[in-house]
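Worksheet: one structure, shown below.
The values are calculated or read from the model by the stated rules, or taken from the named source; none is laboratory data. Since this is a predicted model, take the numbers as computed values, not measurements. In this analysis, Cβ positions are derived from the backbone assuming ideal geometry, glycine residues included, and neighbour counts consider all displayed protein chains. Protein only, heavy atoms only, side chains kept; ligands, DNA and RNA dropped before computing areas. Shrake-Rupley method; radii C 1.70, N 1.55, O 1.52, S 1.80 Å.
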Amino acid sequence: MYVNIIIAHPNPDSFCHSLLNSFVDGAKAANHDVHIIDLYKDQFNPIMSLDEMRGDISDPIVINYQKQIKKADCIVFIYPIFWFRAPAIFEGWIDRVFSVNFAYKFKTVFGNWGKPVGLLPCKKAIIINTYGSPAIATKYFYMNIPFRRLKRGVLKMCGVNNISRVNCWSVPFVSDEKRRRYLKRVFDIAKGL
């Protein structure tokens with residue numbers, strides 16, 4: 001299986017990168033073909049141009065990312081939640097890479113009304129997030145908005161329907177044992193793909 005992992009954390013010593021390493025180890029243990037896109041390491045520019053908004057993609061790095069996404073059987077997203085959303089670099093990556101006529105197109109329903117039709121061949125995605133907050137804050141007060149936005153507002157609209165998640169709650173405050181359990185869970189998920 002071709003597994004494409006997108007990581008968006010500026011600190012290579014972060015727990016997100018530990019989760020990345022654990023996932024890669026699990027996927028490689030199962031002989032999966034693993035490819036990593038590290039947005040900060042790549043110094044990805046998250047600012048979309050007007051041409052890109054119109055579907056005219058010419059930036060070689062965006063084209064390369066799209067080629068990798070097209071090959072993927074499974075896309076994995078690893079990033080922290082800041083202010084109940086993904087880091088800006090990740091949000092910009094979605095804007096620039098999941099572009100019209102690549103990730104989706106519009107089908108006319110009637111008149112000037114249309115609906116998005118997903119074009120991504122990949123049907124499986126895994127979202128791995130770290131939080132500084134406990135689960136209750138995000139799940140009950142904010143109705144899991146960070147996950148639901150990416151699941152419903154992006155991936156499902158682009159044709160990816162098998163979407164799972166791993167939430168690592170209160171990461172700065174949990175015990176080392178709890179962190180090891182998070183890492184093992186991610187390893188096991190990757191190995192079981």
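Things worth noting here:
- Each other residue within a Cβ distance under 15 Å of residue 65 adds +1 if Lys or Arg and -1 if Asp or Glu, for a net charge of -1.
- Normalised alpha carbon radius of gyration of segment 59-124 [divisor 2.2 N^0.38 Å]: 1.30
- The mean accessible area for residues of segment 80-124, using a 1.4 Å probe and ignoring ligands and nucleic acids, is 58 Å² per residue.
- Nearest 10 degrees, 0 to 90: helix 88-97 Cα axis against the chain principal axis: 40
- Ellipticity at 222 nm from helices only: DSSP H runs of n ≥ 4 in the chain, each -39500 (n - 2.57), divided by the residue count, give -9500 deg cm²/dmol.
- The apolar share of the surface of the chain, taken as the fraction of accessible area on carbon and sulfur atoms (1.4 Å probe, ligands and nucleic acids excluded), comes to 54 percent.
- Longest segment of the chain lacking trypsin sites (Lys or Arg not before Pro) that sit in a DSSP loop with at most 16 other Cβ atoms within 10 Å: 124-193
- Scattering profile of segment 58-193 at q = 0.17 Å⁻¹ [log10 I(q)/I(0), Debye over alpha-carbon scatterers]: -1.01
- Antiparallel beta bridges, as assigned by DSSP with both residues in segment 78-193, represent about 40 percent of the total such bridges.
- Inter-label distance, residue 180 to residue 63: 4.9 nm, where each label sits 7 Å from its Cα along the C-beta direction.
- For residue 115, the lysines whose Cα comes closer than 18 Å to its Cα, not counting residues fewer than 8 places off in the same chain, are 105, 107, 151, 156.
- Highest-fluctuation residue, 175, 164, 133 considered, GNM on the chain with Cα pairs under 10 Å: 175
- Theoretical FRET efficiency, 1/(1+(r/R0)^6), r = Cβ-Cβ of residue 50 and residue 105, R0 25 Å, to 0.05: 0.85
- 12 Å beta-carbon shell around residue 101, net charge (K/R +1, D/E -1): 0
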